[in-house]
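One structure below.
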Amino acid sequence: MTIIEEISEYLQKGRAKNVKALVQQALDEGIDAKTILDEGLLSGMMTVGARFKRNEVFVPEVLVAARAMNAGMAILEPRLVEIGNEPVGRAVIGTVKGDLHDIGKNLVAMMLKGAGFEVCDLGVDVEPEAYLAKAEEIGADIIGMSALLTTTMPGMKNLIDLLEEKGLRDKYIVMIGGAPVNESFAQEIGADYYTPDAASAAETARDAVMNRRSHAS
Amino acid sequence: MTNRENFLSLIRKTGYERVPVEFNLCPYLQKQVKERFGTSNYREYFGFPWKYIEDIRLADHDPKKYLSYFNPPLAEDGRIDQWGIGHEPSVNSMHMTYMRHPLEHMETLEELKAYPFPDYANGHKDHQRLQVEEARKNDLIALGDMQVTLWEISWYLRSMEELFCDMMEENEIAEFIFDKALEMAKIRAEAFVRAGVDVLFFGDDIGMQHTIMMSEELYCRWIKPRLKELIDFSKSLNPEVIIFYHSCGYIEPFIPHLIGAGIDVLNPIQSECMDFEEICRKYGDKLSFHGTIGTQSVMPHGTPREVKEAVWRNLDIAGEKGGLMVAPTHMLEPEVPMENILAYVEACHEYKKGKC
């Protein structure tokens, strides 16, 4: 097994210390930081995500894997900055105004990072204007909204209305999720994507950004 | 049958005469009920079958002693509960609050051991017996509500993310917190049972919308044995006490484990997550059920007729001997039309076994 494969394996098992040490070792051996990122850390997280989607692993396994990835990223990040590595895309996410639930949203943030995104997590109870301001500030590709309550899910439409009003609707890929949310609701309010779980959200976000870039070029 | 006889017979699947009505209203809807029906006690007004018996009253509860556990500090309008868990309101969130976990940043067993867990052992219990007597006098079932029992109270204290990681690492922090939760649950359950409650209502969320929250292996390693110990202990004090158990979401793989742990009634069988007919067919010989009327679907979005049909369909599925205390699965939130709540009540009153 190569050191890169080992990084991926240990990450999948959530072994943060091993991942950290191996990332350092790989850098010391002169392995390209981008390769360590893509084929070690992100590949490991994608495997965990795929298992999560197939119900082979559950939230705890994702959490420890995400922590292992963070441990590896802490070592790798300065090197990635040096080489000017660009993320797969940029995402702004948060739980909608009036809703204070964040466990699902936090999982989505972890999975997006695991798919190579730069993620700006606005937390809970987020006003439509705050999503938009942050998205404009960081040049986001994706805006992701979460809601756990039937009371708060209609608030998702407020951001879409705001984007329309400002003439910015096509600039962003709007994704929604949360326990009571479903595909027909996404269509009803005009969101681009609904995904039923965090791993699907990351996969869909990645595909959507790639797709948009390929059409733009 | 008296109300008590009817309830007990329905739960024990030995037949029933009336369908009990039971639901939980958010403060906004409580206000609506008050304006429309002139009552501030909707449970009594709609004739709920049970009365909640108060928990042990702590002799000493000074929330200020927990303030130092929050970093960043708890919001000024934040509230601290008996366990030291912080709850921060938001102007946009009505009755909901954001939870702050006092044990979240602890790294050693020593820090945990120094934490002032609530002293239930030395709390006041005399009111419980009086409240149970009052319930009996009014022909009501006496219920001890201990939801958020072991796993959830542990995660509220520690944060879900930290506790899951503790469990995965098999560390002593998880062991200590779960043992503490069990120790205190046993003290509270004993007080309720000795006061004479008919029902103990336990609950820990272990399901998400479409999947289980953790693997069966992790559940059986950490939670199931403690739930079983709590139920065995409660039933050793009174074998007749009925154990209700709540978990949101999809939990089918856990149901055999819950049966193994000794629960009697499963709540709420969220209709958006599990098919009641299938669950009843598979497990109805070992369990009774409470809930089944979806608060993500038919209660907020259905017509009154659809609410009634859901109630009747599920009662038909359970059968004429009972085994289903039909009710909305969760608290009814502001967007649930009053007409749908009244339709649920009417459906319970109008139900004729085997005729729908």
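Values quoted throughout were computed directly from the atomic coordinates according to the rules given, and no laboratory measurement underlies them. Since we're looking at a predicted model, the values are computed, not measured. Positions of Cβ are generated from backbone atoms using ideal geometry, with glycine treated the same way; all protein chains shown enter the neighbour counts.
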Exercise for review: Do me a favour and compute the ellipsoid semi-axes for region B:84-167 from its Cα gyration tensor, root of five times each eigenvalue, largest one first, whole Å.
Suggested key: 32, 19, 12
Practice item. Counting other beta carbons within 10 Å of each Cβ, put B:Tyr115, A:Tyr131 in order, fewest first. Key: B:Tyr115, A:Tyr131
Exercise for review: Only residues of region B:246-271 count here: report those whose backbone N is under 20 Å from the spot 7 Å along Cα→Cβ of B:His210, or say none.
Suggested key: B:248-254, B:269-271
Study note, to complete from the structure: Among A:Val59, B:Val33, B:Pro102, the residue whose Cα sits farthest towards the positive end of the charge dipole of the protein assembly as shown, when +1 is placed on the Cβ of each Lys and Arg and -1 on the Cβ of each Asp and Glu, is B:Val33
Practice item. Let me know the shape class of region A:3-82, please: from the alpha-carbon gyration tensor, a ≥ b ≥ c as square roots of the eigenvalues, rounded when a/c is under 1.5, otherwise prolate if a/b is greater than b/c, or oblate. Key: prolate
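Over chain A, what relative contact order in percent results from Cα pairs under 8 Å that are six or more residues apart?
Answer for chain A is 18 percent.
Could you give the alpha-carbon Rg of chain B over 2.2 N^0.38 Å, rounded to two decimals? Kindly include the intermediate steps, with their values, before the conclusion.
Working: Rg = 20.5 Å, N = 356, 2.2 N^0.38 = 20.5 Å.
It is 1.00.
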Review point. About its Cα centre, what dipole magnitude does the protein assembly as shown give when the only charges are +1 on Lys and Arg Cβ and -1 on Asp and Glu Cβ, stated in debye to the nearest 20?
Key: 1540 debye
Exercise for review: Could you work out how far the C-alpha centroid of region B:280-356 sits from that of region A:1-68, in angstrom?
Suggested key: 47 Å
Practice item. Note the full-extension length gain between B:Glu172 and B:Glu229 as 0.36 nm times their separation in residues minus their Cα-Cα distance, in nm to one decimal. Key: 18.5 nm
Check your understanding: 222 nm [θ] for chain A, helices only, -39500 (n - 2.57) per DSSP H run of 4+, per residue, to 500?
Key -> -17000 deg cm²/dmol
Practice item. Note down the magnitude of the dipole of chain B about its Cα centre, charges +1 on Lys and Arg C-beta and -1 on Asp and Glu C-beta and zero elsewhere, to the nearest 20 debye. Key: 1480 debye
Check your understanding: What is the magnitude of the charge dipole of region A:89-216 about its Cα centre, with +1 placed on the Cβ of each Lys and Arg, -1 on the Cβ of each Asp and Glu, and no other charges, expressed in debye to the nearest 20?
Key -> 280 debye
Review point. Can you give the mean number of other chain Cβ atoms that lie within 10 Å of the Cβ atoms in peptide A:172-182?
Key: 2
Study note, to complete from the structure: Cβ density ranking, 10 Å radius, fewest first, applied to A:Val59, A:Val23 yields A:Val59, A:Val23
Review point. If you line up the long axis of helix A:3-12 against the longest principal axis of chain A, both from Cα atoms, how many degrees apart are they, to the nearest 10?
Key: 50 degrees
Practice item. Using label points projected 7 Å from each Cα along Cα→Cβ, tell me how many nm separate A:Ser214 and B:His127, to one decimal. Key: 6.6 nm
Check your understanding: Near A:Lys97, which lysines are there with a Cα under 25 Å away, not counting those fewer than 8 places off in the same chain?
Key -> A:Lys105, A:Lys113, A:Lys134, A:Lys157, A:Lys166, A:Lys171, B:Lys31
Practice item. Calculate the length of the line joining the C-alpha centroid of region A:144-217 to that of region B:241-269, in whole Å. Key: 35 Å
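What does the charge count around A:Leu149 come to, taking other residues whose C-beta lies under 11 Å from its C-beta (Lys +1, Arg +1, Asp -1, Glu -1)?
-3
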Review point. Relative contact order for region A:3-82: what is it in percent, counting Cα pairs under 8 Å that are at least 6 residues apart?
Key: 45 percent
Practice item. Please express the shape of the protein assembly as shown as an equivalent ellipsoid: the semi-axes are the square roots of 5 times the eigenvalues of the C-alpha gyration tensor, given largest first in whole angstrom. Key: 43, 29, 22
**Study point:** Cα centroid separation - region B:59-94 against region B:1-52, whole Å
**Key:** 32 Å
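Which of rounded, prolate or oblate describes region A:89-216 when judged by the alpha-carbon gyration tensor and an a/c cut-off of 1.5?
Numbers: a/c = 1.34, a/b = 1.14, b/c = 1.17.
In terms of gyration-tensor shape, rounded.
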**Study point:** Residue mean of other protein chain beta carbons inside 10 Å, A:56-65
**Key:** 6
Review point. What value, in deg cm²/dmol to 500, does the helix sum -39500 (n - 2.57) over DSSP H runs of n ≥ 4 give at 222 nm once divided by the residues of chain B?
Key: -12500 deg cm²/dmol
Point to revise | Inter-chain shielding of B:78-91 (mean C-beta neighbours from other protein chains, 10 Å cut-off) | key: 1
Revision key, fill the gap. Using the Kirkwood formula on alpha carbons, the hydrodynamic radius of chain A in angstrom works out to 17.7 Å
Check your understanding: Counting Lys and Arg as +1 and Asp and Glu as -1, what is the net charge of the other residues whose Cβ lies under 12 Å from the Cβ of B:Glu152?
Key -> -1
Point to revise | Sequence ranges B:13-22, A:144-153, ranked by mean other-Cβ count within 10 angstrom, highest first | key: A:144-153, B:13-22
Review point. How far is helix B:126-137 tilted off the main Cα axis of chain B, in degrees rounded to 10, range 0 to 90?
Key: 0 degrees
Practice item. Would you compute the Debye intensity of region A:79-120 from its alpha-carbon atoms alone, equal scatterers and no solvent, and pass along log10 I(q)/I(0) at q = 0.24 Å⁻¹ to two decimals? Key: -0.81
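Per residue, what volume in Å³ does the Cα convex hull of region B:147-294 take up?
Each residue corresponds to 101 Å³ of Cα convex hull volume.
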Review point. Between the helical axis of A:128-138 and the dominant principal axis of chain A, each derived from Cα atoms, what acute angle in degrees is found, rounded to the nearest 10?
Key: 40 degrees
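Order the peptides A:13-21, A:60-68, A:157-165 from the highest to the lowest mean number of other Cβ atoms within 10 Å of their residues. Can you show the working numbers first?
Values: A:13-21: 19.2, A:60-68: 23.4, A:157-165: 17.2.
Ranking the peptides A:13-21, A:60-68, A:157-165 by packing returns A:60-68, A:13-21, A:157-165.
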